[in-house]
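Below you'll find the structure, written out as structure tokens, and then a few comments.
The values are calculated or read from the model by the stated rules, or taken from the named source; none is laboratory data. Just so it is clear, the model here is predicted, and its values are computed rather than measured. Note that each Cβ is placed from the backbone with ideal geometry, even for glycine, and that neighbours are counted across all protein chains shown. Only protein heavy atoms, including side chains, enter the accessible area calculation; ligands, DNA and RNA are left aside. Shrake-Rupley method; radii C 1.70, N 1.55, O 1.52, S 1.80 Å.
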Amino acid sequence: MQVQESASEQRAAAESARKRVDGLTDRADADAKAVAAAERRVKQCEEEIAGLKKRNQKLTKIGGSNDEMKEEVDAYKSMMRCSVCNDRLKGVIITRCYHMFCQECIQTRIDNRARKCPGCGAAFAAADVKPIYF
């Protein structure tokens with residue numbers, strides 16, 4: 001009797017462990033997909049930056065008008081501004097989704113326990129926020 005009870009307990013424990021492994025595997029797959037998507041977005045951004053740099057060099061070589069230069073500078077400045085407050089410069093990145101914001105806006109979200117990316121809504125932890133340097 002005792003052996004049967006022990007065996008059924010072991011089967012239940014094994015099934016529980018199997019379910020947990022399946023859940024963790026699913027989570028790992030989802031995280032891997034999210035990382036791949038973020039890497040694609042980073043690559044797109046890098047390509048866009050390279051194109052803007054080429055355009056800037058071209059305008060500099062041909063001696064673009066002041067209006068064209070001002071537009072270019074304004075475009076760069078807007079890319080550097082936080083999309084939440086549109087006031088401060090971006091200073092941190094959320095490594096879950098690779099969106100960038102100012103430190104103050106993200107710290108407010110962390111303090112208020114509203115830990116979802118303002119850009120895409122992905123959940124993040126305080127450990128997912130890293131400083132960036134330009």
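Test D111 against the criterion of being closer than 18 Å to K130 by Cα, open to solvent by 50 Å² or more (accessible area, probe 1.4 Å) and among the charged types (D, E, K, R), and give yes or no.
Taking the combined requirement at face value, the residue satisfies it.
Looking only at the stretch 82-103, count every residue that is surrounded by 15 or more Cβ atoms within 10 Å (Cβ to Cβ), part of a strand (DSSP E or B) and more than 13 Å from the chain's Cα centre (by Cα) and tell me the total. Working first, answer last.
Filtering the stretch 82-103 for residues surrounded by 15 or more Cβ atoms within 10 Å (Cβ to Cβ) gives 82-84, 88, 90-103.
From what's left, part of a strand (DSSP E or B): 92-94, 99-101.
Among the residues that remain, those that are also more than 13 Å from the chain's Cα centre (by Cα) are: none.
The qualifying residues number 0.
If you go through the stretch 109-134 one residue at a time, how many are closer than 19 Å to C85 by Cα, outside any loop (DSSP other than H, G, I, E, B), in contact (Cβ under 8 Å) with a residue 24 or more places away in the chain and among the hydrophobic types (A, V, I, L, M, F, W, C)?
Total meeting the criteria: 1.
Search the stretch 1-55 for residues being open to solvent by less than 70 Å² (accessible area, probe 1.4 Å) and in contact (Cβ under 8 Å) with a residue 24 or more places away in the chain, and hand back the single one that is farthest from E71 (Cα to Cα).
Among those that are open to solvent by less than 70 Å² (accessible area, probe 1.4 Å) and in contact (Cβ under 8 Å) with a residue 24 or more places away in the chain, it is A34.
What is the one condition in (1) in a loop (DSSP other than H, G, I, E, B); (2) touching a strand residue (DSSP E or B) at 6+ places or on another chain (Cβ under 6 Å) that I106 does not satisfy?
It is condition (1) that I106 fails.
Of all residues in the stretch 65-81, how many are outside any helix (DSSP H, G or I) and among the hydroxyl-bearing types (S, T, Y)? Before the answer, list the steps.
Filtering the stretch 65-81 for residues outside any helix (DSSP H, G or I) gives 65, 81.
Narrowing the set further to residues that are among the hydroxyl-bearing types (S, T, Y) leaves 65.
Adding up the residues that qualify gives 1.
Among the candidates A34, A7, single out the residue that is small (G, A, S) and under 17 Å from the mean Cα position of the chain (by Cα).
Step by step, each of A34, A7 is checked, and only A34 is small (G, A, S) and under 17 Å from the mean Cα position of the chain (by Cα).
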